[in-house]
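Accompanying notes for the structure given below.
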């Protein structure tokens, strides 16, 4: 019988043998769904994976991030494409290209996107209780300059201390600044940010939520007090959230932050944000720290025949050097 079997095998040809194609030869497609029918909407808050959006007609949609987006993060301010509705658990299937993104480095060395697509970065600092700190403001300015966001400094609690002396050190940067308190809101700030997207950042307890509440009573953000022992405030908001202004535009409130890491920013990016100084340092020696006697900035800041201009140049150089130093903190 063995011979019979062998004879049968000898009579087989290629048409009788089934060849299974290898996995590598199977045709694959790179086509992905275009989601042409996706509804365009803007993200107003992200909380534990749930994304809340407002579409272009003003309707609110609650959604989840689609699996096909992978590890791409969604931030408040993002323009996205949404499929479905809140009742059927809508999905965010597309994230449009951002014009900018406010980011900070966290303790594990990773970057965290706070918000996207903003016009103004409102840096909120208290005039007193807690005392204002240049370090936080300087690092916030770095984040703004490297993303081409217009910074604005707002000093709250001006009824407790006069902030003008503190603000003098930023005069040479020509940054818009405002002073306000809970008894006297600044209407000029409201006019400036009308029709724009503005994000507010600041240490806990500086009065950030109180300031936003004065811009529109509908915000109803919780406010907190400063600890008399530590001089720090407590967190009153746990996630970023955007509010529509009656005058048009959006205000984004962020959780109070203890620190604003900048490990994702290079010194070159910071200097590039100062076009006049960037041109000067091109003549510096290689590996110049820009804080040494031979630095060309030292000559430039006193090179004018106008004493007032020299004073402003000196202020700009001092600000640049302090901001560069903030990277090492």
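Worth pointing out:
- Criterion applied to 320, 262, 277 was being surrounded by 13 or more Cβ atoms within 10 Å (Cβ to Cβ), in contact with a strand residue (DSSP E or B) (Cβ under 8 Å, 6 or more places away or on another chain), within 25 Å of residue 150 (Cα to Cα) and outside the structural domain of residue 111 (by TED's automatic domain parsing), and the one residue passing it is 262.
- Evaluating residue 283 against the criteria (1) outside any loop (DSSP other than H, G, I, E, B); (2) in contact with a helix residue (DSSP H, G or I) (Cβ under 9 Å, 6 or more places away or on another chain) leaves one unmet condition, (1).
- Residue 142 closer than 30 Å to residue 70 by Cβ and over 21 Å from the mean Cα position of the chain (by Cα): no
- Residues located in region 132-156, provided they are part of a loop (DSSP other than H, G, I, E, B), farther than 13 Å from residue 122 by Cα and in contact (Cβ under 8 Å) with a residue 40 or more places away in the chain: 133, 147, 148
- With respect to the stated conditions, residue 206 fails to be in contact with a strand residue (DSSP E or B) (Cβ under 6 Å, 6 or more places away or on another chain), surrounded by 22 or more Cβ atoms within 10 Å (Cβ to Cβ) and within 23 Å of residue 101 (Cβ to Cβ).
- Only one entry in 317, 302 is closer than 18 Å to residue 171 by Cα, in a loop (DSSP other than H, G, I, E, B) and free of Cβ contacts under 8 Å to residues at least 60 places away in the same chain, namely 302.
- Complete set of residues in region 170-203 that are over 21 Å from residue 76 (Cβ atoms) and surrounded by 23 or more Cβ atoms within 10 Å (Cβ to Cβ): 180
- Matching residues, region 297-311, being surrounded by fewer than 16 Cβ atoms within 10 Å (Cβ to Cβ), modelled with pLDDT of 90 or more and touching a helix residue (DSSP H, G or I) at 6+ places or on another chain (Cβ under 6 Å): 302
- Selection status of residue 159, surrounded by fewer than 16 Cβ atoms within 10 Å (Cβ to Cβ), touching a residue at least 12 places away in the same chain (Cβ under 8 Å), within 16 Å of residue 210 (Cβ to Cβ) and out of contact with any helix residue (DSSP H, G or I) (no Cβ under 8 Å at 6 or more places or on another chain): yes
- Strands (runs of 3 or more DSSP E) fully within region 50-89 that include at least 2 residues being surrounded by fewer than 11 Cβ atoms within 10 Å (Cβ to Cβ) and in contact with a strand residue (DSSP E or B) (Cβ under 7 Å, 6 or more places away or on another chain): none found.
- All conditions in (1) under 15 Å from residue 205 (Cα atoms); (2) at pLDDT 90 or above hold for residue 133, with the sole exception of (2).
- A search for C-beta distances below 6 Å between a residue of region 163-176 that is farther than 11 Å from residue 319 by Cβ and any residue that is at pLDDT 90 or above and not in a helix (DSSP H, G or I), counting only pairs 6+ apart in sequence or on different chains, returns 163/127; 163/155; 163/179; 166/132; 167/177; 176/152.
The values are calculated or read from the model by the stated rules, or taken from the named source; none is laboratory data. All figures in this text were calculated on a predicted structure; none of them were measured in a lab. Every residue, glycine as well, gets a Cβ built from its backbone with ideal geometry; the counts of neighbours run over all protein chains shown.
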